[in-house]
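Q: Below you'll find the structure I mean.
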Amino acid sequence: MISLYYTTEDRSSLYGIHHFIEKFGITVAINKPSPSGVVIVYGTEAPGDFLIEIKENEIKNTICGKISLQSDKIPLCEIPLDTGPGEEVIAYFENGTTRYPCITRTKQGITIGIDIFSETGYLLSGRLDAIRPSLDSTTQKELAAKPVVDFLEELLFNAILSGCHKHHIPLIQKSSWPDGKKFAVCLTHDVDEIKKTYQWISRPLRFLARGDFSGFKGQVHAFVQKIRGIEPYYTYDDIIRIEHDLGVKSTYFILKESGNASLFSKKTWYLYGRNRSLQSPEMRMLIKRLTANGDEVAIHGSYFSYKDSELLSEETRELEQLIHEKVIGTRQHNLNLDVPTTWNHQLSAGLRYDTTLGFKDAIGFRWGTSFPFFPNTIEGPLPLFEIPLIIMDICLESRSNKIADCLRIADEVERYHGVLTLLWHPPIFNTLEYPDARDLYIKINQHCQEKGAWIARARDIYDWHSLRNKNTFTCNYDPSTKTCSIIANPEGQDHFFTLYLPSHSDCIILSGNADIIKRDSDHVYIKTHHQQKSNEIIIGIA
């Protein structure tokens, strides 16, 4: 256990403190000492054997510069304090010709001139959305490409590890993901339509206007298929085969569109041809097929439901009647999101998670994180689990290096143990019209599997973290016997822990009620046995 001392009453800072502790799953003594001697001090003073001092700072409504740490250049919404040279400079702050240390190793520990807690609360309340339009295109791309929140919190976690290593003590956390998985992939598909309609006109004209005769040829071939009785947008059998071969399941967000398109309003034209009923024989059959396959069926809130609580509730209840179980998840059509109004409407509809938060025209990290979270609002954290959308298929159309761009983003998610949420619309699997999208989906999944990802439905992500957040543990390390004790609660269920070992050491389970299921360079993953003998796990460290 480590200690954290603070006196702040700032809401953003308090949110950031709670978010960090919950995200990393560590035990923290608040404003009191702990046996480890590793102490975080935030805007105050406290004794400790290894002090991690985090400076309070003012967060700005703009990008003030960048943290420079090895090859990373991370934008910041604050001007960090100069921490001086100390014994070693860990990171610098850069803005134009200005460059000075902002994270320094000292004799007492590590000094961080960045207000990690306040900036986390600031970013996870959506402030980047207000800042982004005023930024130049280069800075916008840098912000999208790097999960700023994940980077900042990882800095603090690494500082804690440094303290533990210096004093030769282990650090225990609740594992981010089950079974020793390093990160997660959330597979999703938005069911906007099951037949091609107005696109028979719009897409050929688009290709002709671009002079893309290969694309136009694909449209002709798709039309020939249609004449032969093959619906080009009904690709669900193929998706199920692909995911069966990959050994995965996914979430389908089902749309029932009620918005009216206007001939004189171009932005509403795409409402033509969207699913207008959940009761058609084709839709009922599709939903039955998906649920029988073990996929999750969730609600795809219609175009105007993001600002209409009653409409979203009606759509959710109708889908529940079809699948005979509660619907807990949603994504708003067109990624329409009015923060926090839409999320409150979702809560009113009985929904528990959302995965709308993503870019309509880019890939990456819209609010600076790849990790699911409870959004920060003026009234406090919302009890709605947000799973950020990271890559949407249509955002890749204009990119020349699609696979490289996607794998780069996937590797960033892996680095920070987050969730790579993919949205692949079913029509995209039609290779006549979208020649490379199907293979791209497969390659991303294969890449992530090779990297040790847990590939899951959105509901699985929600269920896992609900259980993880409810689970608690206490731990104690006895340096004289070199044994570590973990008491996990509640009893009678599996618990997953990650144990970071002191340098040049190994470990063994002495209590017989848990297993080491995976070993990494400096840590091991542990799984309990339903606490059959005892809920106390004893680990010997040598």
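Q: Would you please name the residue that is modelled with the highest pLDDT, looking only at residues in region 28-42 that are out of contact with any Leu (no Cβ under 8 Å at 6 or more places or on another chain), surrounded by fewer than 18 Cβ atoms within 10 Å (Cβ to Cβ) and within 25 Å of ARG105 (Cβ to Cβ)?
A: PRO33
Q: Separate question: Could you tell me which residue of region 281-305 is nearest to LEU351 (Cα to Cα), considering only residues that are open to solvent by 10 Å² or more (accessible area, probe 1.4 Å) and of a type in the set (S, T, N, Q)?
A: Checking each candidate, the answer is THR291.
Q: While we're here: Just one of GLY380, GLY350 is surrounded by fewer than 22 Cβ atoms within 10 Å (Cβ to Cβ), within 25 Å of GLY25 (Cα to Cα), in contact (Cβ under 8 Å) with a residue 12 or more places away in the chain and out of contact with any strand residue (DSSP E or B) (no Cβ under 9 Å at 6 or more places or on another chain); which is it?
A: After applying the criteria, what remains is GLY380.
Q: Please work out if LEU432 is aliphatic (A, V, I, L, M), on the phi < 0 side of the Ramachandran plot and modelled with pLDDT under 95.
A: yes
Q: From the list LEU156, LEU171, which one is in contact with a Cys (Cβ under 7 Å, 6 or more places away or on another chain) and either among the aromatic types (Phe, Trp, Tyr) or closer than 30 Å to ILE537 by Cα (or both)?
A: It is LEU171.
Q: Would you confirm whether or not region 369-381 contains a residue that is aliphatic (A, V, I, L, M), at pLDDT 95 or above and out of contact with any His (no Cβ under 8 Å at 6 or more places or on another chain)?
A: No.
Q: Provide a single number: the residues in region 414-465 that are open to solvent by 20 Å² or more (accessible area, probe 1.4 Å) and outside any loop (DSSP other than H, G, I, E, B).
A: 17
Quick grid of which residues meet (1) in contact (Cβ under 8 Å) with a residue 60 or more places away in the chain; (2) part of a strand (DSSP E or B); (3) touching a helix residue (DSSP H, G or I) at 6+ places or on another chain (Cβ under 6 Å):
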position: LEU312; (1), (2), (3): no, no, yes
position: ASN344; (1), (2), (3): no, no, no
position: LYS360; (1), (2), (3): no, no, yes
position: SER370; (1), (2), (3): yes, no, yes
position: ILE394; (1), (2), (3): no, no, no
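Q: I'd like the residue in region 160-194 that is among the small types (Gly, Ala, Ser) and open to solvent by 10 Å² or more (accessible area, probe 1.4 Å) and, out of all such residues, is farthest from GLN449 (Cα to Cα).
A: Ranking the candidates gives SER162 first.
Q: Are any of the residues in region 464-485 of a type in the set (Lys, Arg), touching a helix residue (DSSP H, G or I) at 6+ places or on another chain (Cβ under 7 Å) and touching a residue at least 40 places away in the same chain (Cβ under 8 Å)?
A: Scanning region 464-485 turns up no residue that is of a type in the set (Lys, Arg), touching a helix residue (DSSP H, G or I) at 6+ places or on another chain (Cβ under 7 Å) and touching a residue at least 40 places away in the same chain (Cβ under 8 Å).
Q: Please enumerate the residues belonging to region 168-207 that are assigned to a helix (DSSP H, G or I), of a type outside the set (Gly, Ala, Ser) and in contact (Cβ under 8 Å) with a residue 40 or more places away in the chain.
A: Those that are assigned to a helix (DSSP H, G or I), of a type outside the set (Gly, Ala, Ser) and in contact (Cβ under 8 Å) with a residue 40 or more places away in the chain: PRO178, ASP179, GLN199, ARG203.
Q: Out of LYS470, LYS402, LYS482, which single residue is under 30 Å from HIS168 (Cα atoms), open to solvent by 40 Å² or more (accessible area, probe 1.4 Å) and under 23 Å from the mean Cα position of the chain (by Cα)?
A: Unique residue meeting the criteria: LYS470.
Q: Looking at (1) on the phi > 0 side of the Ramachandran plot; (2) open to solvent by 10 Å² or more (accessible area, probe 1.4 Å); (3) of a type in the set (Gly, Ala, Ser), which is the only condition ALA362 fails?
A: ALA362 satisfies every listed condition except (1).
Q: With the requirement that a residue be open to solvent by 10 Å² or more (accessible area, probe 1.4 Å) and over 15 Å from THR369 (Cα atoms), what does region 126-138 give you?
A: Within region 126-138, ALA130, ARG132, PRO133, SER134, LEU135, ASP136, SER137, THR138 qualify.
Q: Another question, if that's okay. Which residues, counting only those in region 121-148, are part of a helix (DSSP H, G or I), farther than 15 Å from SER13 by Cα and not hydrophobic (A, V, I, L, M, F, W, C)?
A: Within region 121-148, ASP129, ARG132, PRO133, SER134, SER137, THR138, THR139, GLN140, LYS141, GLU142 meet the criteria.
Q: Further question: Could you grab the pairs with beta carbons closer than 6 Å, sequence gap of 6+ or different chains, first residue in region 236-253 and in contact (Cβ under 8 Å) with a residue 24 or more places away in the chain and over 17 Å from MET283 (Cα atoms), second one open to solvent by less than 10 Å² (accessible area, probe 1.4 Å) and aliphatic (A, V, I, L, M)?
A: Cβ pairs passing all conditions: SER250/LEU187.
Q: Out of the residues in region 1-23 meeting the condition of being surrounded by 20 or more Cβ atoms within 10 Å (Cβ to Cβ) and hydrophobic (A, V, I, L, M, F, W, C), tell me which one is farthest from LYS166 (Cα to Cα).
A: Residue satisfying both the conditions and the ranking: ILE17.
Q: Every residue in region 306-327 that is open to solvent by 10 Å² or more (accessible area, probe 1.4 Å) and polar (S, T, N, Q), please.
A: SER309, SER313, GLN321
Q: Across region 358-386, which residue is farthest from SER118 (Cα to Cα) among those that are among the aliphatic types (A, V, I, L, M) and in contact with a Phe, Trp or Tyr (Cβ under 6 Å, 6 or more places away or on another chain)?
A: So, considering only residues that are among the aliphatic types (A, V, I, L, M) and in contact with a Phe, Trp or Tyr (Cβ under 6 Å, 6 or more places away or on another chain), the one farthest from SER118 (Cα to Cα) is LEU384.
Q: Applying the selection to region 495-522, what residues are assigned to a strand (DSSP E or B), surrounded by 20 or more Cβ atoms within 10 Å (Cβ to Cβ) and not polar (S, T, N, Q)?
A: Listed by number, the residues that qualify are PHE496, PHE497, LEU499, CYS507, ALA514.
Q: Considering only region 328-343, how many residues are more than 23 Å from MET392 (Cα to Cα) and either buried (at least 16 other Cβ atoms within 10 Å of the Cβ) or at pLDDT below 95 (or both)?
A: Qualifying residue count, region 328-343: 0.
For every residue, the table says whether it meets (1) within 18 Å of TRP367 (Cα to Cα); (2) open to solvent by less than 30 Å² (accessible area, probe 1.4 Å); (3) modelled with pLDDT under 95; (4) more than 19 Å from the chain's Cα centre (by Cα).
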{"site": "GLY86", "(1), (2), (3), (4)": "no, no, yes, yes"}
{"site": "GLU119", "(1), (2), (3), (4)": "yes, yes, no, no"}
{"site": "GLN140", "(1), (2), (3), (4)": "yes, no, yes, yes"}
{"site": "VAL149", "(1), (2), (3), (4)": "yes, yes, no, no"}
{"site": "ASN158", "(1), (2), (3), (4)": "no, no, no, yes"}
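The values are calculated or read from the model by the stated rules, or taken from the named source; none is laboratory data. Because the structure is predicted, anything quoted here is derived from the model rather than measured. We place every Cβ from the backbone using ideal geometry, glycine too, and count neighbours over all the protein chains shown. Heads up: the accessible areas ignore ligands, DNA and RNA and are worked out on the full protein's heavy atoms, side chains in. Shrake-Rupley method; radii C 1.70, N 1.55, O 1.52, S 1.80 Å.
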